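Asks: Quick one: the structure is below, and I'll ask about it shortly.
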């Protein structure tokens, strides 16, 4: 295995309740502060001190998870507002937030993400989702068909990128003598008319300091990969198995190349949950302690909702019968769940604990040094370009990650010791984007 010349990219999924389900039950979790700024700011400043590329905020637009007593994945932090607040209190770290293309309009999203970009000095990113639920809060009788959602998302991305590109980089001239602030010949209408949207343009905001905000996408289905390989700069993915991750990585880079894009300019970052201690025994003890916090009744309900499977009458120490799985799996992560149930023979209890730890992502139990070696092995063996690292509990898991794991990677030369640029595009090592609209 040959060492790669470049360094890893590392972001972190900002879940102040902790990535491990029910870890908020631990003493010192500061669960009383969830939804407020001070706690999430403290965590973000930890990540910035460790020189991470970015913090990433997911989002959901229903209260379904909270109604199932799952506060891990929730909408307590609305991404646009929390990232705007963090932009004013940080200086270097990237700020990535989620907005659904199903429940919003491209002109507004273009303005919101670009607004965060301006307020942060070029550090914004948008995680693109099409959503799988939430229709009842937006006047829809049912969720649109996945094919329709992705078709809308593709047109949506086309509009947003054109809007971001509708000002030339040098359009703002600030000529006091002539009274011209912006050269209007360097602003361009996009005149988009499509199946879902009609947008004239140009955008009413000056261009991004990083060319365009960073685009992030996490769909691993066929339509999701098609969308991400067409537009995204970073790909988040659930890949718990190294061999399958290598296959995914090679296939994704091939698809990107076939679309005329530079595969080195699309970063693939699988999720990883490191459960660490000073010794392997301490790490395992922590893993067992975290597992003991999991409410099994709620865990069953969460698996049923996530994978649309009926687990009524299945004993916790039994395997899930094959006939319980629907012919059409709910999500790409449901395939991981099915594989662990059948190929690896996990019981329902074991599946609940594994879902609590990783939700389909890989997890690691060991020392910070061993975790670093695990990450390096994946990186050098072309299973990824880095990781979206998820702290299993807060704030201690974030401290361990930033103060113990990252220094191990820095010592081995696999991660930066300081930021070399100011924008998220700089941190990710991405080139300036090519224009997407013709200039007249």
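Asks: Taking only Cα atoms, what is the 0 to 90° angle, nearest 10, from helix 242-258's long axis to the longest principal axis of the chain?
Replies: 20
Asks: For the range 170-231, what ratio Rg/Rh do Cα atoms give with a Kirkwood hydrodynamic radius?
Replies: With Rh from the inverse mean 1/r over Cα pairs, Rg/Rh is 1.14.
Asks: Using the 2.2 N^0.38 Å rule of thumb for compact globular proteins, work out how the range 1-152 stacks up: its C-alpha Rg over that value, please. Please list the in-between numbers first.
Replies: On the way: Rg = 16.9 Å, N = 152, 2.2 N^0.38 = 14.8 Å.
Relative to the rule-of-thumb radius for its length, the range 1-152 sits at 1.14.
Asks: Then there is this: Mind listing P(r) for the range 150-199? All alpha-carbon pairs, 10 Å bins, whole percents.
Replies: Result returned by the calculation: 24, 38, 23, 12, 3.
Asks: Using label points projected 7 Å from each Cα along Cα→Cβ, tell me how many nm separate residue 335 and residue 170, to one decimal.
Replies: In this crude label model, residue 335 to residue 170 measures out at 4.8 nm.
Asks: Also, quick follow-up: Stokes-Einstein at 10 °C, 1.306 mPa s, Kirkwood radius from Cα pairs: D for the chain in µm² s⁻¹?
Replies: On the way: Rh = 22.6 Å.
D = 70 µm²/s.
Asks: Further question on the same structure: Let's test this: bin the Cα-Cα distances of the range 127-221 at 5 Å from zero up to the farthest pair and state each bin's percent.
Replies: Taking all Cα pairs of the range 127-221, the binned fractions are 3, 11, 17, 17, 16, 13, 9, 6, 5, 2, 1, 0 percent.
Asks: Write down, largest first, the equivalent ellipsoid semi-axes of the range 8-80 in whole Å, where each equals the square root of 5 times an eigenvalue of the alpha-carbon gyration tensor.
Replies: That gives 21, 15, 11 Å for the three semi-axes.
Asks: Modelling each spin label as a point 7 Å along the Cα-to-Cβ direction, I'd like the residue 312/residue 280 distance in nm, to one decimal.
Replies: 4.5
Asks: Got a sec? Which residues in the range 23-56 would a label at residue 289 touch, if it sits 7 Å along Cα→Cβ and we count backbone N under 15 Å?
Replies: What the label zone holds, given the 15 Å backbone N cut-off, is 23-30.
Asks: Apply the Kirkwood formula to the range 267-386: the hydrodynamic radius equals the inverse of the mean of 1/r over all pairs of different alpha-carbon atoms; give it in Å with one decimal. Walk me through the numbers on the way to the answer.
Replies: On the way: mean 1/r = 0.0639 Å⁻¹.
Mean inverse Cα-Cα distance, inverted, gives 15.6 Å.
Asks: Same structure again: Rounded to two decimal places and with Rh computed the Kirkwood way over Cα pairs, what is Rg over Rh for the range 96-170?
Replies: 1.02
Asks: Can you give the log10 of the normalised intensity I(q)/I(0) at q = 0.11, 0.16, 0.18, 0.22 Å⁻¹, computed with Debye over equal Cα scatterers of the range 180-290?
Replies: -0.61, -0.92, -1.01, -1.16
Asks: Summarise the long-distance tail of P(r) for the range 392-437 by giving the % of C-alpha pairs beyond 17 Å.
Replies: When all Cα pairs of the range 392-437 are counted, 55 percent exceed 17 Å.
Asks: Which value, in Å³ per residue, describes the convex hull spanned by the Cα atoms of the range 334-440?
Replies: 189
Asks: Among 46, 394, 205, 1, which comes first, then next, by fewest other beta-carbon atoms within 10 Å?
Replies: The fewest-first ordering by Cβ neighbours comes to 1, 205, 46, 394.
Asks: Take each of the peptides 294-306, 125-137, average the number of other beta-carbon atoms within 10 Å over its residues, and list them starting from the highest.
Replies: Result, highest mean Cβ count within 10 Å first: 125-137, 294-306.
Asks: Any idea how far apart residue 417 and residue 319 come out in nm if each label point goes 7 Å out from Cα toward Cβ?
Replies: Distance between the two pseudo-spin positions: 5.2 nm.
Asks: Kindly put 234, 402 in sequence by how many other C-beta atoms sit within 10 Å of each C-beta, fewest to most. Intermediate results must be reported in sequence, preceding the final value.
Replies: Details: 234 29, 402 22.
Listing 234, 402 from fewest to most nearby Cβ atoms yields 402, 234.
Asks: Mean projection of the alpha-carbon convex hull of the range 60-103 over all orientations, in nm²?
Replies: Averaging across all directions leaves 3.8 nm² for the Cα convex hull.
Asks: Kindly express, to the nearest 10 degrees and within the range 0 to 90, the angle between helix 348-358's C-alpha long axis and the longest C-alpha principal axis of the chain.
Replies: 40
Asks: May I ask for the angle, rounded to the nearest 10°, between helix 332-342 and the longest principal axis of the chain, with both axes built from Cα atoms and the value confined to 0 to 90°?
Replies: Once rounded, the angle reads 10 degrees.
Read the figures in this text as sums done on the coordinates, not as results from a lab. Please read all numbers here as calculations on a predicted model, not as lab measurements. So basically every Cβ, Gly included, is an ideal-geometry build from the backbone, and we count neighbours across all protein chains shown.
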